[in-house]
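Accompanying notes for the structure given below.
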């Protein structure tokens, strides 16, 4: 009877507030959560293959270390677009950390705060690129009321213009302590509401655990639950026509407790080339990268 009790406890969904969100233009948002848009980047020749990376930078406390890790690795230094999660902006610092990171990499950027911090700053998502960005939009994702550390979650979408080609890029950071059903419920508004060719990625927190009352990870319940959340997310997005860059068996976090794929990159309507996880210092996550072929003649 004990496993049945566990299933009943972990199978219940967390309280969810109604999803009334829509994609809002960045220019329409004001106040402390207003996005920051960088200046146009230096002109750059178009390319048929865009390298896209995603990295949860764990507050971005040390931009110098992040820049050193990126520029010191042959795969990372050639990345054209970065999806950045968990980056802060502090009022005592002369620039946002997104601006510092982007400028040192020679990129433009969009920084979208998801929430205010107790210190008066903000915490959110960013997209950095070597090519012009346009049509930035933000969407509030379904909010899950949890016993501890409930957080508002957003998705950030922007168009990357590479010569005559345009690719929509979507960045997001999902809650940690969710079961598979709730994780898909939080992901769905970002994955299902945009048309056309796009790349979606970020820290999906697709951990392999069941959660007792959205608080305690039950680390030895894989046989009971029967699903790794990375596999669940991949299966769901595949039904929507997305291709998967990083396999569910890849580890994208630095701790042995989280030796699983928390982060992901997916595309729809383009084609992936090489991809992988790059083990460099700078955060409690590793960056992931994938090449996206942009040529209109490539198969979708």
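Results, tabulated for the structure shown:
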read-out	value
Relative exposure of 183, 77, judged by other C-beta atoms within 10 Å (fewest first)	77, 183
Principal axis dimensions, segment 46-161 - Cα atoms, whole angstrom, descending	46, 28, 23
Over segment 118-201: Kirkwood hydrodynamic radius from C-alpha pairwise inverse distances, Å	14.3
Net length gained if the chain between residue 27 and residue 188 were fully extended (0.36 nm per residue, minus Cα distance)	55.5 nm
Dmax and Rg, reported as Rg then Dmax, of segment 47-293 (C-alpha, Å)	17.0, 51
Peptides ranked, highest mean first, by Cβ atoms within 10 Å: ranges 174-181, 140-147, 155-162	155-162, 174-181, 140-147
Listed peptides 261-272, 23-34, 82-93 by packing density, highest first (mean Cβ within 10 Å)	261-272, 82-93, 23-34
Extension gain from residue 34 to residue 59, taking 0.36 nm per residue of separation minus the Cα-Cα distance	7.2 nm
Extension gain from residue 195 to residue 235, taking 0.36 nm per residue of separation minus the Cα-Cα distance	12.4 nm
Beta bridges by DSSP in segment 47-293, antiparallel share as percent, to the nearest 5	80
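Where a number appears in this text, it was derived from the coordinates with a stated rule and is not lab data. Bear in mind the structure is a predicted one, so any value in this text is a computation, not a measurement. Glycine gets a Cβ as well: all are built from the backbone with ideal geometry, and neighbour counts include every protein chain shown.
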